[in-house]
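Visitor: This is the structure I have questions about; it appears just below.
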Amino acid sequence: MAQLKGDADYGRIGAGYARRRRTDPRIAARVHAALGGARTVLNVGAGAGSYEPLDRHVLAVEPSAEMRAQRPPQLAPAIDAVAEALPLDDDAVDASMAMVTVHQWPDAVAGLREMRRVTCGPVLVLSFDPAELGRLWLMDYAPELQQVEAGRFPSIDTLTAALGPGTEVVPVPIPIDCVDGFTEAFYARPEELLDPEVRRSQSAWSFLEPGVEDRIVGALAADLASGAWDRRYGEHRTLPEFHGAVRLVVGH
């Protein structure tokens with residue numbers, strides 16, 4: 001493995017991230033509903049601002065300068081801080097959220113406990129269940145990618161234990177035209193994964209050993225050209241949604 005958990009270099013791979021990792025409105029509706037009546041919301045590992053509600057006061061925390069620079073002008077600037085040491089008092093915000101980011105934290109449990117400390121209401125975590133990553137056909141081409149991701153994402157049990165009793169785990173189906181460019185978003189559009197910019201917006205590829213990504217992409221391209229992919233997985237092209245590994249974990 002080329003890097004360690006929590007060490008994706010967004011200064012190198014983050015350019016153009018906001019063009020591919022956008023808020024999908026169907027997923028956003030689930031997230032915003034789970035925020036309940038919260039008026040103040042903390043977004044930890046906020047990145048370029050995906051899924052931040054526009055009708056509430058949001059305080060964003062993001063340690064990557066590359067990501068902070070990509071936040072659109074209608075969103076508040078993000079504070080340069082990390083999840084494990086949030087610069088807030090106890091119960092400072094009504095709700096908090098962490099959207100597909102906990103796998104980047106050096107200590108996810110410490111970060112979630114910090115979120116719980118500063119939040120008087122719900123704590124939301126959008127993440128992937130590492131035990132369910134094999135549901136996506138891509139992992140048949142890329143077992144190395146599955147191994148990398150399974151080692152980076154905290155288990156669902158780890159997340160629920162960190163957030164405490166009463167934590168709810170909600171499976172999140174992925175719509176066929178999902179605009180948030182994580183890997184499962186392209187379950188019905190395999191050609192998109194041949195685009196280097198698409199893969200750069202998915203940090204897992206940066207953890208592969210040299211040459212592995214080229215082999216995976218080459219095999220996928222060959223199967224798409226020959227029709228082998230469609231013979232094996234073609235039913236995915238018309239599935240209205242995909243039930244994969246995405247989970248919304250809500251600590252009440």
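Visitor: Among the residues of region 141-151 satisfying the criterion of being in contact (Cβ under 8 Å) with a residue 40 or more places away in the chain and part of a helix (DSSP H, G or I), which is surrounded by the fewest Cβ atoms within 10 Å (Cβ to Cβ)?
Guide: In this case the residue turns out to be GLY151.
Visitor: Can ILE216 be described as among the aliphatic types (A, V, I, L, M), touching a strand residue (DSSP E or B) at 6+ places or on another chain (Cβ under 7 Å), surrounded by fewer than 22 Cβ atoms within 10 Å (Cβ to Cβ) and in contact (Cβ under 8 Å) with a residue 60 or more places away in the chain?
Guide: no
Visitor: Condition check: modelled with pLDDT of 95 or more, more than 14 Å from the chain's Cα centre (by Cα) and outside any helix (DSSP H, G or I). Does VAL217 satisfy that?
Guide: no
Visitor: Follow-up question, since we're still on this one. Take the residues in region 183-213 that are at pLDDT below 95 and touching a strand residue (DSSP E or B) at 6+ places or on another chain (Cβ under 9 Å), then tell me which one is farthest from LEU136 (Cα to Cα).
Guide: Result: SER201.
Visitor: Let me ask something else about it. Are there any pairs, at least 6 apart or on different chains, whose C-beta atoms fall under 6 Å, with the first in region 23-48 and without any contact (Cβ under 8 Å) to a residue 24 or more places away in the chain and the second of a type in the set (A, V, I, L, M) and buried (at least 23 other Cβ atoms within 10 Å of the Cβ), and if so, which?
Guide: From residues that are without any contact (Cβ under 8 Å) to a residue 24 or more places away in the chain, there are no pairs.
Visitor: Does any residue of region 224-245 turn out to be under 16 Å from MET139 (Cβ atoms) and within 14 Å of the chain's Cα centre (by Cα)?
Guide: There is at least one residue in region 224-245 that is under 16 Å from MET139 (Cβ atoms) and within 14 Å of the chain's Cα centre (by Cα).
Visitor: For region 32-70, how many residues are touching a Ser or Thr at 6+ places or on another chain (Cβ under 9 Å), of a type in the set (A, V, I, L, M) and not in a loop (DSSP other than H, G, I, E, B)?
Guide: Counting residues in region 32-70 that are touching a Ser or Thr at 6+ places or on another chain (Cβ under 9 Å), of a type in the set (A, V, I, L, M) and not in a loop (DSSP other than H, G, I, E, B) gives 5.
Visitor: A follow-up question, please. Given the options GLU241, GLU209, GLU192, name the one that is free of Cβ contacts under 8 Å to residues at least 12 places away in the same chain and not polar (S, T, N, Q).
Guide: Going through GLU241, GLU209, GLU192 in turn, the sole match is GLU192.
Visitor: Another one. Kindly indicate which of ALA222, ALA204, ALA185 is touching a helix residue (DSSP H, G or I) at 6+ places or on another chain (Cβ under 9 Å), closer than 18 Å to ILE27 by Cβ and in a helix (DSSP H, G or I).
Guide: So the residue among ALA222, ALA204, ALA185 that is touching a helix residue (DSSP H, G or I) at 6+ places or on another chain (Cβ under 9 Å), closer than 18 Å to ILE27 by Cβ and in a helix (DSSP H, G or I) is ALA185.
Visitor: Hey, another quick one. Select from region 152-181 the residues that are free of Cβ contacts under 8 Å to residues at least 40 places away in the same chain and not small (Gly, Ala, Ser) and write down the one among them that is surrounded by the fewest Cβ atoms within 10 Å (Cβ to Cβ).
Guide: It comes out as PRO165.
The values are calculated or read from the model by the stated rules, or taken from the named source; none is laboratory data. This one's a predicted model, so the numbers in the text were calculated from it and none came from an experiment. For neighbour counting, all protein chains shown are included, and Cβ atoms are generated from backbone atoms with ideal geometry for every residue, glycine included.
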